[in-house]
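Below: one structure in structure tokens.
All of the numbers you see were taken from the coordinates with simple rules; none came from a lab. Everything numeric in this text was worked out from a predicted model, so none of it was measured. Virtual Cβ from ideal backbone geometry, glycine too; neighbours counted across all protein chains shown.
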Amino acid sequence: MDLNLRKAILSNIASNDQEQLEATIVDAVQNGEEKMLPGLGVLFELIWKHSDEQDKQDMIEALEQGVKQSTNG
């Protein structure tokens, strides 16, 4: 991902509170638009970097379950 894109996304959400961040994620997921994927990627990167090992393992397990459900459904 272009570093400028990452910085632009972070700049756009820099002043957001928890409610606004949640709304951003919910909106992006519900709309399912391809153009939202880079932003979700940047948000996930932040979450990953600030998570402990147990949280990371929980995310991997949730991801694995989601992938299995998506490919079997």
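Search segment 11-50 for residues being surrounded by fewer than 10 Cβ atoms within 10 Å (Cβ to Cβ), part of a helix (DSSP H, G or I) and among the acidic types (D, E), and hand back the single one that is nearest to the chain's Cα centre (by Cα).
E34
What is the number of the single condition among (1) under 27 Å from S11 (Cα atoms); (2) surrounded by 11 or more Cβ atoms within 10 Å (Cβ to Cβ) that D58 does not meet?
D58 satisfies all of (1) under 27 Å from S11 (Cα atoms); (2) surrounded by 11 or more Cβ atoms within 10 Å (Cβ to Cβ) except (1).
Still on this structure: Taking the criterion of being among the charged types (D, E, K, R) and not in a helix (DSSP H, G or I), would at least one residue in segment 54-64 satisfy it?
Checking segment 54-64: not a single residue is among the charged types (D, E, K, R) and not in a helix (DSSP H, G or I).
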